[in-house]
1. Kindly list, by first and then second residue, each pair from a residue in the range 36-47 that is farther than 13 Å from Tyr19 by Cβ to a residue that is in a loop (DSSP other than H, G, I, E, B) and modelled with pLDDT under 95, limited to pairs with Cβ atoms under 9 Å and residues at least 6 apart or on different chains.
2. Can you tell which of Phe122, Phe140 is modelled with pLDDT under 95, surrounded by 13 or more Cβ atoms within 10 Å (Cβ to Cβ), farther than 21 Å from Ala21 by Cβ and within 16 Å of the chain's Cα centre (by Cα)?
3. Taking the conditions exactly as written (within 18 Å of Gln151 (Cβ to Cβ), surrounded by 12 or more Cβ atoms within 10 Å (Cβ to Cβ) and of a type outside the set (D, E, K, R)), does Trp30 satisfy them or not?
4. Val59: touching a Leu at 6+ places or on another chain (Cβ under 6 Å) and either free of Cβ contacts under 8 Å to residues at least 24 places away in the same chain or within 26 Å of Ser36 (Cβ to Cβ) (or both), yes or no?
5. Based on what the data block shows, is Asn97 on the phi > 0 side of the Ramachandran plot, surrounded by fewer than 15 Cβ atoms within 10 Å (Cβ to Cβ), at pLDDT below 95 and not hydroxyl-bearing (Ser, Thr, Tyr)?
6. Could you please tell me which pairs satisfy a Cβ distance under 8 Å, a separation of 6+ or placement on different chains, a first residue in the range 130-148 that is closer than 17 Å to Glu71 by Cβ, and a second residue that is of a type in the set (A, V, I, L, M) and in a helix (DSSP H, G or I)?
Amino acid sequence: MSNIVAATPEDKDEILKLYKAQIGREFCPWTDEYPSIETMDFDLSRDSLFIMKDEGKIVAAVSIDKDEEVENLSCWSKSLVPGGELSRLAVLPEYQNKGIARQMLLHGMKTLKERGFKSIHFLVNRYNEKALRSYAVFGFNKVGECHMYEQDFFCYEKEL
């Protein structure tokens, strides 16, 4: 199931359903307002939204984000600039625990490197043990902590 491709405007409704399927899940800060069609339009305008399909059905998505608030955190290594952020990683609940999130992260890291980024960074809810275990296999460095979007996060970074 490693068919990861760039999303198109025609995929937006199905991606929005994928995002909405995450609302209410433990550690998920998403709401009915975020992520939105406008969020996807921003990602699509930058060729930064990727999806995985299984038999024509979108089962996962990830974005290369551009969030100035996250970029301006002081924990990111100055020697690894420019750094890119992966965000809005979502997998349909019935497809979770099958390694799909890891495949999406690998694709995101490969794309960041191809686009000239020196590092990847992202935020993970400090209490989300499942996500923390998933990211551990990649050897990310925990470089800081922050409180944003009404949650406590660990800040992770890795050279590409």
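1. So the pair list comes out as Phe42/Lys66; Arg46/Lys66.
2. The match here is Phe140.
3. yes
4. Spelling it out, Val59 is indeed touching a Leu at 6+ places or on another chain (Cβ under 6 Å) and either free of Cβ contacts under 8 Å to residues at least 24 places away in the same chain or within 26 Å of Ser36 (Cβ to Cβ) (or both).
5. So Asn97 fits the description; yes.
6. If the second residue must be of a type in the set (A, V, I, L, M) and in a helix (DSSP H, G or I), the pairs left are Met148/Val70.
Let's see how each residue does on (1) over 17 Å from the mean Cα position of the chain (by Cα); (2) surrounded by 17 or more Cβ atoms within 10 Å (Cβ to Cβ):
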| position | (1), (2) |
| --- | --- |
| Ala6 | no, no |
| Phe50 | no, yes |
| Asp54 | yes, no |
| Ala60 | no, yes |
| Glu69 | no, no |
| Pro82 | yes, no |
| Leu92 | no, yes |
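The values are calculated or read from the model by the stated rules, or taken from the named source; none is laboratory data. No experiment lies behind these values; they were computed from the predicted model shown. Quick reminder, even Gly has a Cβ in these numbers, built from the backbone with ideal geometry, and neighbours come from all protein chains shown.
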